[in-house]
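Right, one structure below, let's go through it.
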Amino acid sequence: MFLVRMKFLQLLSRKPGKLGMLFQIPFCQNQFPYLCLATSTCLYSKKKKVNGYEQVDQEKYKNLVYSVTSYKTSAQTPETILEEDNLLYGPPDKHRPPVKAETKTPKNCVPLINPDKRIPLLSSESNLPMKISLQKTKMPSVTRILQQTMSPRQVFYLERWKQKMIQELGKDGFEEYTKKVTTKEQREDVAISGYLSSVQHVLKDVSEVKALESAVQHETLQYLGLVDCVAKYRGQLCVIDWKTSEKPKPFLKNTFDNPLQVAAYIGAINHDANYDFQVSCGLIVVAYKNGSPAHPHFMDPDLCSQYWNKWLLRLEEYMDKN
């Protein structure tokens, strides 16, 4: 019985054209006529169905069939993906290192620290900070220089802020606002408002105030400014610039041109004969009206030197325009 089944299965696995051999085997005809006839008839009826693919030129499309069937049975690899991209988009461009922006250097490389300034061994023992008044002069201020050398992007954001303020305050109200911001009275009002509570944690680290709202001028580069404060912050003598903001400014990059302003003040102090000390560090303190803790941004000597070079470039740009 086992041999009969094996023989029968071997015959079923052959091509349809050889199904007729089932009817020519005496063994099947004599002993299993109904079984063989019934089975062969069933197979014969299935193979009689018309198959449209038999009319296709399989030799012509064998490459296509192979690519489809091989894709189904094998996963894509980085090599095949690159090959497909090469066929669709062409060979990839060779990697080219990014072109570094040309670093500009100031034409007049005046050092931030004045090598010719002699600092007395014993400084004045007076506990009162210096406060030199701002004199009328033809020299431009640091603020004016920075305003007239802003980048187009900075001009765009400033104009957008201006239009927003005009919508909120009106044209006359905005003009009144800008006048108050630049007056001494406004700065004193700020000191007794919510900004004071904002900077309390910073004031704990400030000591030995050397100058307060004092005018400085760079005698070589011919510019001037008004320094908010010169004092020690955590043991290091700094030019401290107090700023107010409605929006949080947790990073130094959020302060826009303020680091250049601080660097300009540091250079002016170091080249101003009225001051018997030199400064190499800066501190920008951004205070908030709602009393939120202020953000102090410390500028070490290296950072101050970087912004000093940028300031010299802005100063040259201003001189070229004027």
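Out of residues 5 or more away from Cys281 or on other chains, whose amide H comes under 5 Å of its own, with H placed 1.01 Å from N in the peptide plane?
Long-range HN contacts for Cys281: Val239.
So which of Lys253/Lys289; Lys210/Lys232; Lys136/Lys321; Lys117/Lys232 end up more than 18 Å apart by C-alpha?
Lys253/Lys289; Lys136/Lys321; Lys117/Lys232
Beyond 12 Å, what share of the Cα-Cα pairs of the stretch 270-322 remains, rounded to the nearest whole percent?
Roughly 75 percent, once rounded to a whole number.
Between Leu128 and Val209, what is the label-to-label distance in nm when each label sits 7 Å out along the Cα-to-Cβ direction?
Label-label distance for Leu128 and Val209, simple model: 1.3 nm.
Highest mean first, how do 168-175, 206-213 rank when packing is the count of other Cβ atoms within 10 Å averaged over residues?
206-213, 168-175
What is the distance, in nm, between label points placed 7 Å from the Cα along the Cα-to-Cβ direction at Arg144 and at Phe251?
Distance between the two pseudo-spin positions: 3.5 nm.
Rounded to the nearest 0.05, what FRET efficiency do Gln236 and Ala273 have when you use their Cβ-Cβ distance and R0 = 22 Å?
0.40
Sorted by packing (mean other beta-carbon atoms within 10 Å per residue), highest first, where do 147-157, 262-272 land?
Peptide ranking by packing, descending: 262-272, 147-157.
Compute the length gained on full extension between Lys107 and Leu169: take 0.36 nm times their separation in residues and subtract their Cα-Cα distance, giving the result in nm to one decimal.
17.9 nm
Gain in length, Glu219 to Thr80, computed as 0.36 nm per residue apart minus the alpha-carbon separation, to one decimal in nm?
Computed gain between Glu219 and Thr80 is 43.1 nm.
If I compute solvent accessible area with a 1.4 Å probe over the protein chains, what percent of it on the stretch 245-285 is carbon and sulfur?
Of all accessible area on the stretch 245-285, carbon and sulfur atoms account for 54 percent.
For Tyr177, Tyr195, give the ranking by accessible area with the largest first, probe 1.4 Å.
Highest to lowest solvent-accessible surface, that is Tyr177, Tyr195.
How would you classify the stretch 199-322 from its alpha-carbon gyration tensor, with a ≥ b ≥ c the square roots of the eigenvalues: rounded for a/c under 1.5, else prolate if a/b is greater than b/c, otherwise oblate?
oblate
Quick check: residue separation of Asn309 and Ser151 times 0.36 nm, minus the Cα distance between them. What number comes out in nm?
55.2 nm
Between Asn290 and Glu176, how many nm apart are label points set 7 Å from Cα along the C-beta direction?
Label at Asn290, label at Glu176, 2.6 nm between them.
Please list Ile113, Ile166 from largest to smallest accessible area, probe radius 1.4 Å, with all protein chains kept in place.
Ile113, Ile166
The values are calculated or read from the model by the stated rules, or taken from the named source; none is laboratory data. These numbers were taken from a predicted model, which means no experiment stands behind them. Every residue, glycine as well, gets a Cβ built from its backbone with ideal geometry; the counts of neighbours run over all protein chains shown. Keep in mind that these areas ignore ligands, DNA and RNA; they rest on the heavy atoms of the full protein, side chains included. Shrake-Rupley method; radii C 1.70, N 1.55, O 1.52, S 1.80 Å.
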